[in-house]
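Peer 1: Sending over a structure as structure tokens; questions will come in a sec.
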Amino acid sequence: MTKKHGKHHHGHLATASGVTKSPGSSHPASGGDSDPASPIRPAEGILTVPPGEPFDLAGVDADADGGLDKDWAKEALREQRARIETLQERLYAERRRSLLLVFQAIDTGGKDGTIRAVLQGVNPQGCTVASFKVPSTEEMDHDFLWRYHQRTPGRGMIGVFNRSHYEDVLVVRVKGLVPDAVWQSRYGLINDFERLLAVSGTTVLKFFLHISKDEQKARLQARLDDPEKHWKFDPADLVERKSWDAYQAAFGDALTRCSTPHAPWLVVPANRKWFRNLVIARTIADTLEAMDPQFPEAPKGIADLTVPD
């Protein structure tokens, strides 16, 4: 797809509120007929959308920075990246479970920058990034979730969705690309899809990067003012900006209707990039730590072997 957004009630300042704590061993390696307890650990400063409750995106301060110092936060980000790198190696070696990171935001919301900043140093063998744009003819010939399911991470992998299956209740709604009855039916299908991933051993971390309308204007203008950023500017962005309120409403409904115990929506104040990067990195690291991936046991007798001359 091309563009998107959202709006509806206040979330909780997230530490682990509303999320059940459990060790990673509670996740089955495959299949299961009940929801596993969630290992998701939102960092302080992130708001968790309470499952089953209305959410007002307008009540979220996009400028929030948790009272943190910018220079300190940049140094702390390095520590969180090192944790992610170490835990990702264990996840890859264990090869039993996986982690899916979903990033949604309005245009200029910072999805690309966040992915670069947070996953710097992660072994590319254990991480895949999928960016979903306008669907191809082949993709249009299948159900709306087909192209997304193909890109979910396999065991041992971290998968990243830069835009995601939520495009099909966001841009298609705002642009009127399908009848209302079609996109309305998709919320439940999305919840079923994410539950399937959860019971199959994939932890789903969904981040909504929340910026203000003024911040979007500043970021778009910065692209116009810097010749080296002209390639990033699309005149269609100015057309999409006129639909700000419609996108906010669409985002709000998606956050409200698709925040579940096994895959809650995490709303990140994202005007301040350094704060956004830190709290997302901390959430990923803490969640991986709660999953507690382990290196597999070495074959019996391997410790007694030596390499011959």
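The values are calculated or read from the model by the stated rules, or taken from the named source; none is laboratory data. What you see is a predicted model; the values in this text were computed from it and never measured. Glycine gets a Cβ as well: all are built from the backbone with ideal geometry, and neighbour counts include every protein chain shown.
Peer 1: Looking only at the range 64-88, count every residue that is touching a residue at least 12 places away in the same chain (Cβ under 8 Å) and over 20 Å from the mean Cα position of the chain (by Cα) and tell me the total. Walk me through it before giving the result.
Peer 2: Step one: of the range 64-88, the residues touching a residue at least 12 places away in the same chain (Cβ under 8 Å) are 64-66, 68, 70, 73-74, 76-77, 80-85, 87-88.
Filter again for over 20 Å from the mean Cα position of the chain (by Cα), leaving 66, 68, 70, 73-74, 76.
Summing the residues that are touching a residue at least 12 places away in the same chain (Cβ under 8 Å) and over 20 Å from the mean Cα position of the chain (by Cα) in the range 64-88 gives 6.
Peer 1: Scan the range 184-193 and tell me whether some residue there is free of Cβ contacts under 8 Å to residues at least 40 places away in the same chain, more than 30 Å from residue 84 (Cα to Cα), polar (S, T, N, Q) and out of contact with any helix residue (DSSP H, G or I) (no Cβ under 7 Å at 6 or more places or on another chain). It would help to see each step written out before you state the result.
Peer 2: Start the filter on the range 184-193 by keeping residues that are free of Cβ contacts under 8 Å to residues at least 40 places away in the same chain, which leaves 184-185, 188, 192.
If we keep only those that are more than 30 Å from residue 84 (Cα to Cα) too, we end up with 184-185, 188.
Adding the requirement that they be polar (S, T, N, Q) leaves 184-185.
Checking the rest, the ones that are also out of contact with any helix residue (DSSP H, G or I) (no Cβ under 7 Å at 6 or more places or on another chain) come to 184-185.
Yes, the range 184-193 has at least one match.
Peer 1: Which of the residues spanning the range 287-309 are small (Gly, Ala, Ser) and outside any helix (DSSP H, G or I)?
Peer 2: Looking only at the range 287-309, we keep the residues that are small (Gly, Ala, Ser), and these are 290, 298, 301, 303.
Within the range 287-309, 298, 301 qualify.
Peer 1: Would you be able to say whether some residue in the range 274-286 is surrounded by 11 or more Cβ atoms within 10 Å (Cβ to Cβ), among the hydroxyl-bearing types (Ser, Thr, Tyr), more than 30 Å from residue 86 (Cα to Cα) and modelled with pLDDT of 95 or more? Quick ask: steps written out before the conclusion?
Peer 2: To start, the set of residues in the range 274-286 that are surrounded by 11 or more Cβ atoms within 10 Å (Cβ to Cβ) comprises 274-286.
Checking which are among the hydroxyl-bearing types (Ser, Thr, Tyr) leaves us with 283.
So of that shortlist, the ones also more than 30 Å from residue 86 (Cα to Cα) come out as none.
Within the range 274-286, none of the residues are surrounded by 11 or more Cβ atoms within 10 Å (Cβ to Cβ), among the hydroxyl-bearing types (Ser, Thr, Tyr), more than 30 Å from residue 86 (Cα to Cα) and modelled with pLDDT of 95 or more.
Peer 1: Same structure, new question: Name the helices (runs of 4 or more DSSP H) wholly within the range 135-235 that hold at least 2 residues that are within 23 Å of residue 265 (Cα to Cα)? Don't jump to the end; show me each part of the working.
Peer 2: Values: elements: 137-140, 146-149, 171-174, 180-199, 213-225.
It comes to 146-149, 171-174, 180-199, 213-225.
Peer 1: On to the next question. Restricting to the range 102-117, give me the number of residues that are charged (D, E, K, R) and either modelled with pLDDT under 95 or in a strand (DSSP E or B) (or both).
Peer 2: Taking the range 102-117 first, the residues charged (D, E, K, R) are 107, 111-112, 116.
Pick out the ones that are also either modelled with pLDDT under 95 or in a strand (DSSP E or B) (or both) and you get 107.
Residues in the range 102-117 being charged (D, E, K, R) and either modelled with pLDDT under 95 or in a strand (DSSP E or B) (or both): 1 in total.
Peer 1: Being without any contact (Cβ under 8 Å) to a residue 40 or more places away in the chain and among the β-branched types (Val, Ile, Thr) is true for just one of 267, 239. Which residue is that?
Peer 2: Details: 267 fails: without any contact (Cβ under 8 Å) to a residue 40 or more places away in the chain.
When all the criteria are applied, what remains is 239.
Peer 1: Given the criteria at pLDDT 95 or above and touching a strand residue (DSSP E or B) at 6+ places or on another chain (Cβ under 6 Å), does residue 187 qualify?
Peer 2: On the way: at pLDDT 95 or above: yes; touching a strand residue (DSSP E or B) at 6+ places or on another chain (Cβ under 6 Å): no.
In short, no.
Peer 1: Determine which member of the set 90, 83, 97, 78 is in contact with a Gly (Cβ under 6 Å, 6 or more places away or on another chain), over 20 Å from residue 265 (Cβ atoms) and not polar (S, T, N, Q).
Peer 2: Working: 90 fails: in contact with a Gly (Cβ under 6 Å, 6 or more places away or on another chain); 83 fails: in contact with a Gly (Cβ under 6 Å, 6 or more places away or on another chain); 78 fails: in contact with a Gly (Cβ under 6 Å, 6 or more places away or on another chain).
97 is the lone residue from the list that is in contact with a Gly (Cβ under 6 Å, 6 or more places away or on another chain), over 20 Å from residue 265 (Cβ atoms) and not polar (S, T, N, Q).
Peer 1: Taking residue 239 as meeting all but one of (1) under 23 Å from residue 184 (Cα atoms); (2) over 23 Å from the mean Cα position of the chain (by Cα); (3) β-branched (Val, Ile, Thr), write down the number of the exception.
Peer 2: Evaluating residue 239 over (1) under 23 Å from residue 184 (Cα atoms); (2) over 23 Å from the mean Cα position of the chain (by Cα); (3) β-branched (Val, Ile, Thr) leaves (1) as the failure.
Peer 1: Hey, any hits in the range 229-236 for a residue that's closer than 27 Å to residue 172 by Cβ and touching a residue at least 12 places away in the same chain (Cβ under 8 Å)?
Peer 2: yes
Results for (1) buried (at least 17 other Cβ atoms within 10 Å of the Cβ); (2) in contact with a strand residue (DSSP E or B) (Cβ under 9 Å, 6 or more places away or on another chain); (3) at pLDDT 95 or above, shown as yes or no for each residue.
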position	(1), (2), (3)
134	no, no, no
153	yes, yes, yes
164	yes, yes, yes
179	no, no, yes
182	no, no, yes
193	yes, no, yes
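Peer 1: Sticking with this one: For the range 225-241, indicate whether the set of residues that are surrounded by fewer than 17 Cβ atoms within 10 Å (Cβ to Cβ), at pLDDT 95 or above and not acidic (Asp, Glu) is non-empty.
Peer 2: Scanning the range 225-241 turns up no residue that is surrounded by fewer than 17 Cβ atoms within 10 Å (Cβ to Cβ), at pLDDT 95 or above and not acidic (Asp, Glu).
Peer 1: Of a type outside the set (Val, Ile, Thr) and farther than 30 Å from residue 215 by Cβ, is that true of residue 135? Reasoning before the result, please.
Peer 2: Values: of a type outside the set (Val, Ile, Thr): yes; farther than 30 Å from residue 215 by Cβ: no.
Against the criterion (of a type outside the set (Val, Ile, Thr) and farther than 30 Å from residue 215 by Cβ), residue 135 does not qualify.
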